[in-house]
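Comments concern the structure below.
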Amino acid sequence: MATLEIAEDNTTTEVMDHHGLVAAACRDLDITKRINQCIGSNDPRRVIQPGVAVMAMIINGLGFTNRRLYLTPQFFQSKAIGQLFEENIVAEQLDDHTLGKTLDEIYAYGTSRLYSEIAFGIALDHGLLSKFAHLDSTSFALQGQYNDTEPQGIEVRHGYSKDHRPDLKQVMLSMATSGSADIPFWMEPHNGNSSDKKTFTETIKRVRDFQSALKQGDEFTWVADSALYNKDKLLSSNVYHWVSRVPETLSEVKDLLSQPDDAFDWTTLDTGYKYSSHASYYGDIEQRWLIISSEQAYQREKKTFEKKLTRQEEELKKACWRLGNKIFSCEEDAFSAGEQCAKRYRYHRIDLYVTPVFKNPGRGR
């Protein structure tokens, strides 16, 4: 048996917490290597390569949030930096100059381009992509003043706020995911007032061009909401497979949904769903439309509707009681008030609930 003795004055401990798992994931995915291949520097005087700087910002962002960039060395002072990065560096070298230079290089290379090349490469290497790609967008509300005349990559403007803050300016972000893990393999920002009806088709075109340039990956079948379904853009080209929700504003859809339930040839599924298939040639493109009905959703909506109807009926009875106990100057004023009450509650038989009372001008009060 061998005995290992460690001198007490030479023993130190360093806490890794969850950062060891983050660093291991970055190494398994070759994050630093992929970034260095894109924007790495051959300058022998450079100690911290862009890949290491990005990895440091990832670890920092997951454990030292809402702090200034120049405080990054302070964060790594108490960390096992040698084990995290497996390189001979010290915390003081991860200063704001090093990290800021890396961010400038990423901006010059193209943020969306760098992310997509890395994410797409990882997804291909690990078999994370499927034949379907899901595309959607979101908005990010921003505080403060923004001068629209300043040159910038995207414009911070007012637009339709998916973040439910229409009072604030915003930017938009489109994201495409694929596979059972829904890995985001493509992200790109847009102006705050951009429309999904335009950006969706543009994003799909850029992804297809990107795939063609890499000569890797099969063509996706694109899945998106009704913003993708556009007669002038999607249907005019129709060069890829897609699955989308048809807008209910189309007259053809309104006519179809106005038919009674027994007019459809339903196919019932075991999960409480049923569907009916219909052929359409909207936009001169042959399509297959599916009308999908959910028994669970129907019961939820029915319960909500009945609850809302009961509440409105109680409110109507109270309004009619107050109206019936009010004295009016003439009959016309009384019935005018009754009609306004009926319109407010969308009820046209106000006479069933109330008989307005008015004072006789000839007799005084």
*Please name which of ALA279, PHE85, THR72 has its Cα lying farthest along the dipole of the chain towards the positive end, using unit charges on Cβ (Lys, Arg +1; Asp, Glu -1) and the Cα centre as origin.*
ALA279
*Keeping all protein chains in position, work out how much accessible area VAL47 exposes to a 1.4 Å probe, and write it in Å² to the nearest 10.*
80
*In nm, give the distance between the simple-model label positions of TYR282 and ARG208, each being 7 Å from the Cα along the Cα-to-Cβ direction.*
2.1
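Under a point-charge model restricted to the Cβ atoms of Lys and Arg (+1) and Asp and Glu (-1), what is the dipole moment magnitude of the chain relative to its Cα centre, in debye to the nearest 20?
In total the dipole reaches around 1940 debye.
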*How big is the charge dipole of segment 194-346 about its Cα centre, in debye rounded to the nearest 20, if each Lys and Arg gets +1 on its Cβ and each Asp and Glu gets -1 on its Cβ?*
680
_D (Stokes-Einstein, µm²/s), Kirkwood Cα radius, segment 195-325, 0.890 mPa s at 25 °C_ = 131
*What are the residues whose amide H is under 5 Å from the amide H of ILE183, where those residues sit 5 or more places off or on another chain and H is modelled from the backbone?*
SER178
*SER178: net charge of surrounding residues, Cβ under 13 Å, Lys/Arg +1, Asp/Glu -1, itself excluded?*
-3
*Which length gain, in nm to one decimal place, applies between TYR273 and ARG45 when the Cα-Cα distance is subtracted from 0.36 nm times their residue separation?*
75.6 nm
*Using a basic spin-label model with each label point 7 Å from the Cα along Cα→Cβ, how many nm lie between ARG27 and GLU314?*
6.4
_Rounding to the nearest 10 and keeping the result within 0 to 90°, find how far the Cα-based axis of helix 196-214 lies from the longest principal axis of the chain._
30
*Computed E for GLN296/ASP167 - FRET, C-beta separation, R0 41 angstrom, nearest 0.05*: 0.65
*Of SER329, ASN230, ASN42, which is farthest on the positive side of the dipole of the chain, counting Cα position, with +1 on Lys and Arg Cβ, -1 on Asp and Glu Cβ, and the Cα centre as origin?*
SER329
*Cβ-defined net charge surrounding ALA224, 9 Å radius [Lys, Arg +1; Asp, Glu -1]*: -2
*Report, please, the projected area of the chain averaged over directions, based on the convex hull of its C-alpha atoms, in nm².*
36.5
_Modelling each spin label as a point 7 Å along the Cα-to-Cβ direction, I'd like the ASN193/GLU248 distance in nm, to one decimal._
3.0
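The values are calculated or read from the model by the stated rules, or taken from the named source; none is laboratory data. Please read all numbers here as calculations on a predicted model, not as lab measurements. Note: ideal-geometry Cβ built from the backbone for every residue, glycine included; neighbour counts use all protein chains shown. All accessible areas refer to the heavy atoms of the entire protein, side chains included, with ligands and DNA or RNA removed. Shrake-Rupley method; radii C 1.70, N 1.55, O 1.52, S 1.80 Å.
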